[in-house]
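Trainee: Would you mind keeping the following structure in view while I ask a few things?
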Amino acid sequence: MPNKKICLIIPSLRHGGAERVISVLANEWAKNIDLEIYLILLTKQEHFYSIDKRVKIIEPSKYYRSNPIDKAFYSLWTLYFIRKNIKNIRPDSILSFCERYNNIVLLSLLGTKNSVFVSDRNNPKRNLGIVHENLRKKLYGKATGIIAQTDTANQILLAKTNNKNIKTIPNPIRYIENFPDVQKENIIINVGRFESQKNQKDLIEIFSRLKLDDSWKLMLIGVGSLKSNLVQQVGEKGLTNRTIILDFQSDIDKYFQKAKIFAFTSINEGFPNALLEAMANGLACISYDCPTGPSELIVDEINGNLIPLHDIDLFQQKLQELVDNENKQLNFGKTAQESKYKYSTATISKLYLNFILNEVDN
């Protein structure tokens with residue numbers, strides 16, 4: 001019996017939650033001798049994530065340019081690029097990640113008999129703009145199936161697309177690297193892109209209000225267009241000597257394990273990978289209850305604190321309690337660490353595989 005062919009499609013392998021998940025799935029499935037895994041990248045960019053050598057990577061030979069004329073041409077060329085490579089591969093199943101690119105994938109394969117599964121990697125309630133929002137409504141209904149990251153997202157996508165074949169599958173937790181020589185320090189950490197969605201400005205404001213001795217530091221790890229704004233805010237609050245701002249780190253677990261508390265102030269998420277990784281590293285976590293994801297990971301006062309969105313005063317109060325209570329930090333962290341078993345790569349990748357292959361076979 002010939003091997004099953006699975007083709008994964010994503011814009012790039014830059015640092016990001018969607019890129020991390022698709023790399024985890026590709027690497028896990030590559031271990032299966034009965035599968036042939038293909039990964040189509042739609043833009044030529046630097047790879048942040050490592051991919052198993054058994055995965056066949058296909059990417060454009062030319063770099064993407066964002067000026068309007070090149071962007072329009074590139075979008076048309078991408079339709080051809082996808083269709084040509086899918087015709088050559090002839091996969092049993094296709095899994096595409098990322099909202100706007102899912103539309104492009106579905107559009108490129110109209111009229112074919114390919115089994116195409118798509119997954120939005122951000123809050124599906126977010127408006128994609130008039131063109132892509134209308135395309136999603138029309139095209140997602142034609143997908144063989146849709147993978148939602150949370151039950152809330154599942155219901156939103158059902159209402160928007162009327163596709164009845166939607167499966168909720170959370171993200172897998174990647175392998176957590178242990179750094180036994182790392183010593184805990186008085187650090188409150190946040191990991192995420194420096195963009196308005198991640199809302200680190202609220203965290204800086206909250207940190208500035210806390211009653212702390214000088215040993216406590218705020219650590220922000222990420223990249224993005226608002227970095228200079230955050231640096232300016234830190235300076236205005238007089239926190240320059242107590243705030244550490246770093247780019248994304250390949251050994252991020254070392255930084256998680258050095259910190260005592262993970263604070264998450266996003267205003268919306270698809271599924272919060274950084275929060276899940278912090279929990280798996282045994283950190284006490286506090287998060288806004290933003291749509292969607294945190295409420296499906298944190299049980300308030302059991303494995304962390306869940307704060308109503310934008311309630312800065314309550315966030316400050318609960319974070320102060322965490323800082324002042326080391327036993328609470330330890331208890332939250334110990335309970336949160338159980339998440340790495342529930343969301344293990346082996347468990348979640350099997351759920352994905354069963355959905356995208358069994359639906360085809362049936």
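The values are calculated or read from the model by the stated rules, or taken from the named source; none is laboratory data. Just so you know, these numbers come straight off a predicted model, no measurement behind them. Because the Cβ atoms are built from the backbone with ideal geometry, glycine has one as well, and the counts that use them run over all protein chains shown. Accessible surface is based on the protein model in full, side chains and every heavy atom, while ligands, DNA and RNA are left aside. Shrake-Rupley method; radii C 1.70, N 1.55, O 1.52, S 1.80 Å.
Trainee: Tell me which residues, restricted to region 346-358, are open to solvent by 20 Å² or more (accessible area, probe 1.4 Å) and under 26 Å from Leu283 (Cβ atoms).
Mentor: Ala346, Thr347, Leu351
Trainee: Out of region 268-286, which residues are within 21 Å of Ala18 (Cα to Cα), open to solvent by 10 Å² or more (accessible area, probe 1.4 Å) and small (Gly, Ala, Ser)?
Mentor: Hit for region 268-286 is Ala274, nothing else.
Trainee: Of Lys342, Lys318, Lys334, which residue is basic (Lys, Arg), in contact with a strand residue (DSSP E or B) (Cβ under 9 Å, 6 or more places away or on another chain) and in contact (Cβ under 8 Å) with a residue 24 or more places away in the chain? First the steps, then the outcome.
Mentor: On the way: Lys342 fails: in contact (Cβ under 8 Å) with a residue 24 or more places away in the chain; Lys334 fails: in contact with a strand residue (DSSP E or B) (Cβ under 9 Å, 6 or more places away or on another chain).
Exactly one of Lys342, Lys318, Lys334 is basic (Lys, Arg), in contact with a strand residue (DSSP E or B) (Cβ under 9 Å, 6 or more places away or on another chain) and in contact (Cβ under 8 Å) with a residue 24 or more places away in the chain, namely Lys318.
Trainee: Residues that are in contact (Cβ under 8 Å) with a residue 60 or more places away in the chain, farther than 22 Å from Ser115 by Cα and surrounded by 13 or more Cβ atoms within 10 Å (Cβ to Cβ): does region 51-72 have at least one?
Mentor: Scanning region 51-72 turns up no residue that is in contact (Cβ under 8 Å) with a residue 60 or more places away in the chain, farther than 22 Å from Ser115 by Cα and surrounded by 13 or more Cβ atoms within 10 Å (Cβ to Cβ).
Trainee: Hey, among Phe194, Phe117, Phe207, which residue is of a type in the set (Phe, Trp, Tyr), at pLDDT 95 or above and farther than 27 Å from Leu319 by Cβ?
Mentor: Values: Phe194 fails: farther than 27 Å from Leu319 by Cβ; Phe207 fails: farther than 27 Å from Leu319 by Cβ.
Answer to the selection: Phe117.
Trainee: Further question: In a helix (DSSP H, G or I) and in contact with a strand residue (DSSP E or B) (Cβ under 9 Å, 6 or more places away or on another chain): is that true of Leu25 in this structure?
Mentor: Working: in a helix (DSSP H, G or I): yes; in contact with a strand residue (DSSP E or B) (Cβ under 9 Å, 6 or more places away or on another chain): yes.
Judged against the criteria, Leu25 is a match.
Trainee: Those residues that are within 21 Å of Arg126 (Cβ to Cβ) and open to solvent by 40 Å² or more (accessible area, probe 1.4 Å), I need them from region 142-167; list them, please.
Mentor: Within region 142-167, Asp151, Thr152, Gln155, Leu158, Ala159, Lys160, Asn162, Lys167 meet the criteria.
Trainee: Name the helices (runs of 4 or more DSSP H) wholly within region 277-362 that hold at least 1 residues that are over 22 Å from Glu177 (Cβ atoms)?
Mentor: Where helices (runs of 4 or more DSSP H) fall fully within region 277-362 and carry at least 1 residues being over 22 Å from Glu177 (Cβ atoms), they are 294-297, 312-324, 326-336, 345-361.
Trainee: Kindly provide the set of residues from region 168-195 that are acidic (Asp, Glu) and either buried (at least 20 other Cβ atoms within 10 Å of the Cβ) or touching a Gly at 6+ places or on another chain (Cβ under 6 Å) (or both), ordered by number. Give the derivation first.
Mentor: Residues of region 168-195 acidic (Asp, Glu): 177, 181, 185, 195.
Answer for region 168-195, where residues must be acidic (Asp, Glu) and either buried (at least 20 other Cβ atoms within 10 Å of the Cβ) or touching a Gly at 6+ places or on another chain (Cβ under 6 Å) (or both): just Glu195.
Trainee: Sticking with this one: Pairs under 9 Å by beta carbon, first residue at pLDDT below 95 in region 3-17, partner part of a strand (DSSP E or B) and open to solvent by 10 Å² or more (accessible area, probe 1.4 Å), six or more apart or different chains?
Mentor: Asn3/Leu35; Asn3/Glu36; Leu13/Ile57
Trainee: Give the residues of region 307-321 that are surrounded by fewer than 21 Cβ atoms within 10 Å (Cβ to Cβ), under 29 Å from Pro172 (Cβ atoms) and of a type in the set (A, V, I, L, M), sorted by residue number.
Mentor: Hit for region 307-321 is Leu309, nothing else.
Trainee: Let me ask another. Of all residues in region 18-31, how many are out of contact with any helix residue (DSSP H, G or I) (no Cβ under 7 Å at 6 or more places or on another chain), open to solvent by 30 Å² or more (accessible area, probe 1.4 Å) and touching a residue at least 24 places away in the same chain (Cβ under 8 Å)? I'd like the intermediate steps shown before the answer.
Mentor: Step one: filter region 18-31 for residues out of contact with any helix residue (DSSP H, G or I) (no Cβ under 7 Å at 6 or more places or on another chain), giving 18-19, 21-23, 26-27, 30-31.
From what is left, the residues that are open to solvent by 30 Å² or more (accessible area, probe 1.4 Å) are 27, 31.
After this cut, where a residue has to be touching a residue at least 24 places away in the same chain (Cβ under 8 Å) as well, the list is 27.
Going through region 18-31 one residue at a time, the tally reaches 1.
Trainee: With the requirement that a residue be open to solvent by less than 60 Å² (accessible area, probe 1.4 Å) and closer than 17 Å to Pro172 by Cβ, what does region 322-345 give you? Please lay out each step first, then the result.
Mentor: Taking region 322-345 first, the residues open to solvent by less than 60 Å² (accessible area, probe 1.4 Å) are 322-323, 328-329, 332-333, 335-336, 339, 343-345.
Answer for region 322-345, where residues must be open to solvent by less than 60 Å² (accessible area, probe 1.4 Å) and closer than 17 Å to Pro172 by Cβ: Ala336, Ser339, Tyr343, Ser344, Thr345.
Trainee: If you don't mind, another one. Among all residue pairs at least 6 apart or on different chains, which show Cβ distances below 8 Å where the first residue, located in region 280-295, is at positive phi and the second is crowded, with 24+ Cβ neighbours inside 10 Å?
Mentor: Listed pairs, sorted by first residue: Gly282/Ala336; Gly293/Gln149; Gly293/Thr150; Gly293/Glu269; Gly293/Gly270; Gly293/Phe271; Gly293/Pro272; Gly293/Leu275.
Trainee: Another question, then. Is one or more of the residues making up region 328-342 closer than 30 Å to Asp92 by Cα, within 23 Å of the chain's Cα centre (by Cα) and of a type in the set (Lys, Arg)?
Mentor: Looking for residues that are closer than 30 Å to Asp92 by Cα, within 23 Å of the chain's Cα centre (by Cα) and of a type in the set (Lys, Arg), one finds at least one in region 328-342, hence yes.
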